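The block underneath contains the structure these notes are about, expressed in structure tokens.
The values are calculated or read from the model by the stated rules, or taken from the named source; none is laboratory data. Every value quoted in this text rests on a predicted model; they were computed, and no experiment measured them. Cβ placement follows ideal geometry from the backbone for every residue including glycine, while neighbour counts extend to all protein chains displayed. Heavy atoms of the whole protein, side chains included, go into the accessibility calculation; ligands, DNA and RNA do not. Shrake-Rupley method; radii C 1.70, N 1.55, O 1.52, S 1.80 Å.
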Amino acid sequence: LGLVKAVASWVRRRVDETLTAGGEERWQRVLLTEWGGMNDVLYHLYEATGDERHLATGRLFNAYIFTAPLAASHDDLATQPFPHANFHLPEIVGNARAAELTANATDAAIVDTFFSALASNHSYATGGSSSGECWQAPRDLGRFLTTQTEESCTQYNVLKVARRRFLRKADASDADFYERALWNGILGNQRRVDPTGVTSYIYMLPLGSAGSGVVRKAWGRSDYGFPCCWGTLSESFAKLGDSIFFRARDERAMYVNQWVSADASWPELGLTLEQRADFPAHPTTTATITVRARAGA
């Protein structure tokens, strides 16, 4: 933690030096490069420390050319100087985090406009988005059915946005999107052991096209190279259980968002929930849910 706080202080000094040397115009030019989830990192640090300086530094990582139109309810995903999906997605993840921590209405508007635009105008039926790592014109993805569709890193961050929206709003549509995007864009992107005993991953999930013939998954060996999607998929398969059950903030309800075999405990109420699912192995059954109460609960 000490190291992370020291790096956060260094980041703030560098930002301040840039602002002093060239003003907001220069800083906004810096933000036209791929700066990842710096705002999200700083908001997490703020949550851990309560230090308002970390929140203020996170606020500086705000590329107005992207967020201002979203705040005004305008779909600008394909009109950026560089509409690279995973360039901009981590910033939205940060806005979603800030909306939770501060209840800021502008952050919430940015996230909600973005997610609505993505789901309605820039996603395939699978819940995946982007072609060649970039967003295309609204509702034009039918022209981009190739082997370079649905990047795993993009899907990874879209799931984060959907999850954060569900935590804020408890809207079933967000949970439905999450389930569809997870099943279609993450679960099939790992081959745990290939014929030589090596785990392989998918960078792009090929959706092909009507005249392309057979399109095969281009598996990439994890012992040969390790690009970004190998890392995000490794993390994705380590947290498959983090979005099955949710507990309401008022402690009066539990949400079940996926039909998968899993258990959840609610020690404060003395309850245990057990879910056993036959889907997808069995095509006509869903799940059995058993709720057990501790004696005296």
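Heavy-atom accessible surface of Phe87, to the nearest 10 Å², is about 10 Å², with a 1.4 Å probe and all protein chains retained.
In percent, rounded to a whole number, the relative contact order of the chain is 10, using alpha-carbon pairs under 8 Å and six or more apart. Only helices enter this figure: runs of n ≥ 4 DSSP H residues, each worth -39500 (n - 2.57), summed and divided by the residues of the chain, yield -15000 deg cm²/dmol at 222 nm to the nearest 500.
Across the stretch 83-94, computed HN-Hα scalar couplings (Karplus, 6.51 cos²θ - 1.76 cosθ + 1.60, θ = phi - 60°) run x, 6, 4, 7, 6, 8, 4, x, 5, 5, 4, x Hz from first to last residue, x flagging Gly and Pro.
Taking Glu179, Glu52, Glu251 in turn, the Gaussian network model of the chain (Cα-Cα springs below 10 Å) assigns the largest fluctuation to Glu251. With all protein chains kept in place, the per residue accessible area of the chain amounts to 51 square angstrom at a probe of 1.4 angstrom.
Scanning residues 5 or more positions from Glu133 or on other chains, those with amide H under 5 Å from its amide H are Glu151, with H placed 1.01 Å from N in the peptide plane. Among Ile65, Ile186, the order of accessible area from largest down is Ile65, Ile186, computed with a 1.4 Å probe on protein heavy atoms. With every protein chain in place and a 1.4 angstrom probe, the accessible-area ranking of Asp278, Asp140, largest first, reads Asp278, Asp140.
Distant-in-sequence amide contacts of Ser261, defined by a placed amide H-H separation under 5 Å and a gap of 5 or more residues or a different chain, comprise Ala277. Converting phi to 3J(HN,Hα) with the Karplus coefficients 6.51, -1.76 and 1.60 and the offset θ = phi - 60°, the stretch 179-192 yields 4, 5, 5, 5, 5, 8, x, 10, 4, x, 9, 10, 10, 4 Hz in sequence order, with x at every glycine or proline. Restricting attention to the chain, lysine pairs at least eight places apart or on different chains and with alpha-carbon atoms under 25 angstrom apart total 6.
Give me the dipole magnitude in Debye, nearest 20, for the chain about the Cα centre, with unit charges on the beta carbon: positive for Lys and Arg, negative for Asp and Glu. Dipole magnitude for the chain comes out near 400 debye.
Could you tell me the relative contact order of the stretch 201-296? Use alpha-carbon pairs under 8 Å, at least six residues apart, and round to a whole percent.
Result for the stretch 201-296 is 15 percent.
Amide H to amide H, with H built 1.01 Å from N, Gln80 comes under 5 Å of no residue 5 or more places away or on another chain.
What is the diffusion coefficient of the chain in µm²/s, taking the Kirkwood radius over Cα pairs and the Stokes-Einstein relation at 10 °C with a viscosity of 1.306 mPa s?
D, rounded to a whole number, is 75 µm²/s.
As a fraction of the 1.4 Å probe accessible area of the chain, surface on carbon and sulfur atoms comes out at 54 percent. The value of relative contact order for the stretch 32-115, using C-alpha pairs under 8 Å at least six residues apart, is 37 percent.
Listed values for the stretch 117-134 are Karplus-derived 3J(HN,Hα) couplings in whole Hz (6.51 cos²θ - 1.76 cosθ + 1.60, θ = phi - 60°), namely 5, 5, 5, 8, 10, 10, 10, 6, 4, 6, x, x, 9, 6, 9, x, 6, 10, and x replaces Gly and Pro.
Find how much the distance from Ala287 to Leu240 grows on full extension, using 0.36 nm per residue of separation minus their present alpha carbon separation; answer in nm with one decimal.
Once the chain is fully extended between Ala287 and Leu240, it gains 15.2 nm.
For the chain, modelled as a GNM whose springs connect Cα atoms under 10 angstrom apart, the maximal fluctuation among Ser200, Ser123, Ser265 occurs at Ser265.
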